[in-house]
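**Q** Just passing along the structure, written as structure tokens.
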Amino acid sequence: MEITVTVDGKAVKVKAGATILDAAKAAGSRVPTLCHDNKLHPFGACRICLVELEGSPRKFTPSCTTPAIDNMVVRTSSPALIEARRMILELLLIKHPLDCPVCDKAGECRLQDLVHEYGLGESRFDAEKGYLPPDYESAVIERNISRCILCGKCVRICDEQNAVGEWAFTRRGTRTRISTDFDRPLDCEFCGECVEICPVGALTTRQFKYKARSWSLEGTPSVCNYCGCGCPVSFERRDGKIMRVSPARENYLCAKGRFGWDAVHHADRLTTPKMRVGGELVDCTWDEALAVIATNLKVIKNKRGADSIGGLGSVRTTNEDNYVFQKFMRAVIGTNNVDTLARLKAPRGLNTAFFSGELSRMGGHEVILMLDKDAGEINPLTGIEVVRAVNKKGRNLILVNGGYNKFNKIASVVLDYNTPEVALAELLQAMSSGTGSDAIKKAAEMLKGAGSVALIVPAFLTDKEYARTREFASQLKNVTFYPLVRRSNFQGSLDMGVLPDYYPGYQKANAETTASFAKAWDAILPETAGMNAVQMIDGIKSGKLAALYIMGDDPAASNPNLKALLDGLEFLVVQDIFMTETARIADVVLPAASWVEKTGTFTNLERRLQQIRSAEEPVAESRPDWEIIQALAKKMGGSLHYGSARDIMNEIRSTTPLYADLAPGSIWPQEKSPLAGADADLSLSSDVINKKEVIAAERLLFSSGMTITRSKEIGTIRHNC
């Protein structure tokens, strides 16, 4: 149902239940706000959004909290309103420190903007400025209480969106302030959303302190590289260097996405190629390094065959990097021994039974069943969308959690189990027979009556859990799966064919597919299936695999037992951005550009193609991965000729039907996949390798990877947790 509202003489139609502020925006009338944000429930604290209503006994009314009524007539900029807003600003400034020259918020402070807009001069109020010392005790975030205008945005976003509730209004009357309980240092997720939403300089970050003014920053849109969600970001630069990272549009960023970018400036960054001479890694030129690699790979290939060489790709590199890598292994080396160790950390059934839904549509489901209590730690945006669905849409959350975390506070039902297998078995029994505990029966009734269900699939599933999950889902109506994916471009690496038995686009490596790609690439391709990552590790033990090329992975750090095994290879090449544990034992080490230093695409867990753009120049002599591989291919007589990442994507579109018409920002539909409806398992399992993550903190949110452990800011959080 729509209603008509006249704003400043212009009639507009809005949905019933819309506020006057919504109507004003529809009419194109600007109403200033300080405490309002579209991500939050209306609050009405600052009163700067006052408007006049024709025929109302009240002179002014706050537009952000007042519902619009049919045939309402509103004025937003009368002389009386202007004067009222000036008075409100003067009241806000009574004790507000005038320290704009040293405040990091200057230039993007909403209060500062409004003071300039309304032309405030000397205050009519003679009051002493109240000074409270800044709080420097918390990790990464600083709090200046004197600047706070009590808009409550930080309190509300921490509660309504994050379900953490770290901030609160404390004390009473003129002594009211926003603080933690007992004014202790912050102990939260450190996502920085409170800093992002603060309209003044009450909350700022230590990482950006005194580095630049907002008007001197140039934004470069890109994508976060820390988990499968792939949140859009803006790299804000000054003089070609990143100063801070902000979420794109009205998106969300976790601690890793907002603060973890500084890892690319770590001292461990590789700056020059290195080769092993006399047992030591020494600097060398690119030409020397590539010549050594080409010679050794040719010798091993001629001596022991192409299948004695293997390649491990990366989920931290772009689609273009991965495509060129697997093409190099197949068309130049001549083997299908190409895979990624990240498949050991993938949920079974991904892209066969559990194609992911769009995260932004989580709130469209009546019931959400979360089978992994760590969803908010592994994929923070997935956790945020769950909280939004509950708090903004009123959806029911059924949580399987044998412990306690923030989701317990918002769940309609908590099933006290440590594994999903037992919970699903109990739910199946309750749905068929009506028996079980009160919590199980309540959850079963919710699920049976739901018109649609969002099912959050754990990051790891045993065979029994996989079978049970599929069986259970078949008993529900309109199920959409949301698998948890730890690594950033895991989806893209699979799509690009970094698999021993599939070419790009999940085209099975059979005679027909091989002939098609041989024609497209003008190359002779291997006809037999290759070894997967686990088989390659076993092949090193048995002597079947003599050489290994690793692009962007560090198996020796993930599993120290592999160090001696890898050290026993005839020839090991590592291409990475850091001097990793695996790089330290390599015969040749090649310095690669990081994700903030190159252009290309990622594909996130939703199968959404995302554009990344270079925000900084590559460090020293480092190069984009695809450029390194192309240079090596030429040394070996291969024919890879790309001028840019765009050229590679054009070839991907021509050889990979899933990407043929896929524009950046779009999702390739699951029904187009050759694996749709199949029971093809794209995960790997092993009792020996990669049984643990690179963990440097108890919480996955602040660790879980080789890159994030090199972030100074995230390290500060870990040490304060």
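The values are calculated or read from the model by the stated rules, or taken from the named source; none is laboratory data. Predicted model, so just to flag it, every value in this text is computed and none were measured. Every residue, glycine as well, gets a Cβ built from its backbone with ideal geometry; the counts of neighbours run over all protein chains shown. Each accessible area value is taken on the protein alone, full model and side chains, heavy atoms only, with ligands, DNA and RNA left out. Shrake-Rupley method; radii C 1.70, N 1.55, O 1.52, S 1.80 Å.
**Q** Round to the nearest 10 and give me the degree value, 0 to 90, for the angle of helix 420-433's Cα axis relative to the longest principal axis of the chain.
**A** Roughly 70 degrees, rounded to the nearest 10.
**Q** Report, for the stretch 491-597, the % of DSSP beta bridges that are antiparallel, rounded to 5.
**A** 20
**Q** Give me the one-decimal nm value for the distance between modelled label points at R304 and E54, 7 Å along each residue's Cα-to-Cβ direction.
**A** Once both label points are built, they end up 8.7 nm from each other.
**Q** Going highest first, how would you order 565-571, 38-44 by mean Cβ packing within 10 Å?
**A** My ranking of the peptides, most packed first, is 565-571, 38-44.
**Q** Calculate how many DSSP beta bridges within the chain are antiparallel, expressed in % of all such bridges and rounded to the nearest 5.
**A** Antiparallel bridges make up about 55 percent of those DSSP assigns within the chain.
**Q** Out of all Cα-Cα pairs in the stretch 326-443, roughly what percent, to the nearest whole number, are more than 25 Å apart?
**A** Percent of Cα pairs beyond 25 Å in the stretch 326-443: 37.
**Q** Over the stretch 94-265, what relative contact order in percent results from Cα pairs under 8 Å that are six or more residues apart?
**A** Once divided by the residue count of the stretch 94-265, the mean separation gives 20 percent.
**Q** What GluC sites (Glu not before Pro) in the stretch 86-165 are in a loop by DSSP, with at most 11 other Cβ atoms within 10 Å of the Cβ? Show your work: numbers first, answer last.
**A** On the way: sites: E90, E108, E117, E122, E128, E137, E142, E160; in loops: E108, E122, E128, E137.
Those that pass, being in a loop and sparsely packed, are E122, E128.
**Q** T462 to S412: extension gain in nm, 0.36 nm per residue of separation minus the Cα-Cα distance?
**A** Full-extension gain reported as 15.3 nm.
**Q** In degrees, nearest 10, range 0 to 90: what is the angle between the Cα axis of helix 438-449 and the longest Cα principal axis of the chain?
**A** Between helix and principal axis, roughly 90 degrees.
**Q** Something else: Label R276 and I82 with points 7 Å out from Cα along Cα→Cβ: what is the distance between them in nm?
**A** Between R276 and I82, the simple spin-label model gives 7.7 nm.
**Q** Efficiency by 1/(1 + (r/R0)^6): what FRET value for E122 and W215, r their Cβ-Cβ distance, R0 = 25 Å, to the nearest 0.05?
**A** Taking R0 as 25 Å, the efficiency between E122 and W215 is 0.40.
**Q** Once fully extended, how much extra length lies between E671 and R175, figured as 0.36 nm per residue of separation less the alpha-carbon to alpha-carbon distance?
**A** Gain in length upon complete extension: 172.6 nm.
**Q** Net charge near A27, counting Lys/Arg +1 and Asp/Glu -1 over other residues with Cβ under 12 Å of its Cβ?
**A** Summing Lys/Arg as +1 and Asp/Glu as -1 gives +3.
**Q** From a point 7 Å beyond the Cα of A678 in the direction of its Cβ, which residues of the stretch 335-366 have a backbone N at a distance under 15 Å?
**A** Counting only backbone N, you get 349-355.
**Q** Ignoring ligands, DNA and RNA, please state the percent of accessible area on the stretch 123-207 from carbon and sulfur, probe 1.4 Å.
**A** The nonpolar share, carbon plus sulfur, comes to 53 percent.
**Q** Turning to a different aspect of this structure: Can you pull out the trypsin sites (Lys or Arg not before Pro) in the stretch 442-531 whose DSSP state is coil and whose Cβ has at most 14 other Cβ atoms within 10 Å? Write down the numbers at each step before the final one.
**A** Numbers: sites: K442, K448, K464, R468, R470, K477, R486, R487, K508, K519; in loops: K477, R486, R487.
Passing both the DSSP loop test and the Cβ count: K477.
**Q** A follow-up question, please. Just grab the label-to-label distance for A529 and K712, each label 7 Å out from Cα along the Cβ direction, in nm (one decimal).
**A** 4.9
**Q** Tell me the relative contact order for the chain as a rounded percent, counting alpha carbon contacts under 8 Å between residues six or more apart.
**A** Working: 1490 pairs, mean separation 105.3, N = 721.
After rounding, I find 15 percent.
**Q** Using only Cα atoms, tell me the angle between helix 286-304 and the longest principal axis of the chain; keep it within 0 to 90° and round to the nearest 10.
**A** 50
**Q** Next up: Taking the Cα centroid of the stretch 218-273 and of the stretch 154-187, what is the distance between the two, rounded to the nearest whole Å?
**A** So the two Cα centres are separated by 28 Å.
**Q** Now, a different point. Farthest toward the dipole's positive end in the chain, which of S686, G44, G665, given Cβ charges of +1 (Lys, Arg) and -1 (Asp, Glu) about the Cα centre?
**A** Farthest towards the positive pole: G44.
**Q** Report the one residue of C100, T66, F571 whose Cα lies farthest in the direction of the positive end of the charge dipole of the chain (charges on C-beta: Lys and Arg +1, Asp and Glu -1; origin at the Cα centre).
**A** The residue sitting most towards the positive pole is T66.
**Q** Accessible area per residue, 1.4 Å probe, Å², for the chain: what's the number? Please report the intermediate quantities before stating the final value.
**A** Values: 28760 Å² over 721 residues.
That works out to 40 Å² for each residue.
**Q** For an R0 of 60 angstrom, estimate the FRET efficiency from the Cβ-Cβ distance between S639 and E250 and round to the nearest 0.05. Walk me through the intermediate numbers first.
**A** On the way: r = 46 Å, r/R0 = 0.77.
That pair, S639 with E250, gives E of 0.85.
**Q** Sort out for me the Cα centre separation of the stretch 536-609 from the stretch 13-64, rounded to whole Å.
**A** Rounded to whole Å, the Cα centres lie 56 Å apart.
**Q** Once Lys and Arg get +1 and Asp and Glu get -1 on their Cβ, which of V7, S493, C198 lies farthest toward the positive end of the dipole of the chain?
**A** Projecting each Cα onto the dipole axis, the largest value belongs to V7.
**Q** Within the set K256/K672; K256/K409; K25/K406, which residue pairs have Cα atoms separated by over 31 Å? Numbers along the way, then the final one.
**A** Numbers: K256/K672 33 Å; K256/K409 24 Å; K25/K406 35 Å.
The answer is K256/K672; K25/K406.
**Q** Please report the spacing between the Cα centers of the stretch 420-484 and the stretch 82-108 in Å, no decimals.
**A** First find each Cα centre; the distance between them is then 53 Å.
**Q** Turning to a different aspect of this structure: Rounded to a whole number, what % of the accessible area of the stretch 359-483 do carbon and sulfur atoms account for, probe 1.4 Å?
**A** 45
**Q** Place the peptides 251-260, 397-406 in order of packing, highest mean first, counting for every residue the other Cβ atoms within 10 Å and averaging per peptide.
**A** Numbers: 251-260: 26.0, 397-406: 18.5.
For the peptides 251-260, 397-406, the packing ranking is 251-260, 397-406.
**Q** Would you mind calculating the gained length between D99 and D287 on full extension (0.36 nm times residue separation, minus the Cα-Cα distance), in nm to one decimal?
**A** Taking 0.36 nm per residue and subtracting the Cα distance, the gain is 62.2 nm.
**Q** Compute the projected area of the convex hull of the Cα atoms of the stretch 116-232, averaged over all viewing directions, and report it in nm² to one decimal place.
**A** 10.3
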